[in-house]
Amino acid sequence: MDLKLAQSQIQSIALALVETWPSQADVIAQRKAVLLNKLIELDKSYKKQTEQLIGRTVLYSHPVYQYFERRYQ
């Protein structure tokens with residue numbers, strides 16, 4: 001749930017897709033751009049929402065939120 005990490009992963013995946021299907025490079029680039037823009041907006045939203053939690057104790061249902069915790073503190 002670290003959306004900066006997800007953006008980096010998308011870049012790597014897009015490169016691999018273009019290497020595999022070079023004829024689809026334009027389509028891959030367009031879809032990558034759309035997805036990256038969505039993730040940037042979601043990241044901004046998460047930052048804004050988590051600012052309201054500063055100084056509060058947050059409990060998680062599973063010990064798998066370390067990426068989210070690290071990114072949004």
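Read-outs throughout are calculated quantities, based only on the coordinates presented, and are distinct from any laboratory measurement. What you are looking at is a predicted structure, and each value in this text was computed from that prediction instead of being measured. So basically every Cβ, Gly included, is an ideal-geometry build from the backbone, and we count neighbours across all protein chains shown.
How many residues are under 22 Å from LYS4 (Cα atoms) and either surrounded by 13 or more Cβ atoms within 10 Å (Cβ to Cβ) or β-branched (Val, Ile, Thr) (or both) if we restrict to the stretch 43-57? Talk me through it step by step, then tell me what you get.
Step one: list which residues in the stretch 43-57 are under 22 Å from LYS4 (Cα atoms), which gives 43-54.
Next, from what is left, pick out any that are either surrounded by 13 or more Cβ atoms within 10 Å (Cβ to Cβ) or β-branched (Val, Ile, Thr) (or both): 43, 46-47, 50, 54.
Result for the stretch 43-57: 5.
Need pairs with beta-carbon distance below 8 Å; first residue farther than 17 Å from SER8 by Cβ and within the stretch 56-73, second of a type outside the set (Asp, Glu) and surrounded by 13 or more Cβ atoms within 10 Å (Cβ to Cβ); sequence gap 6+ or separate chains.
Between residues of the stretch 56-73 that are farther than 17 Å from SER8 by Cβ and residues that are of a type outside the set (Asp, Glu) and surrounded by 13 or more Cβ atoms within 10 Å (Cβ to Cβ), the close pairs are TYR65/MET1; GLN73/THR50.
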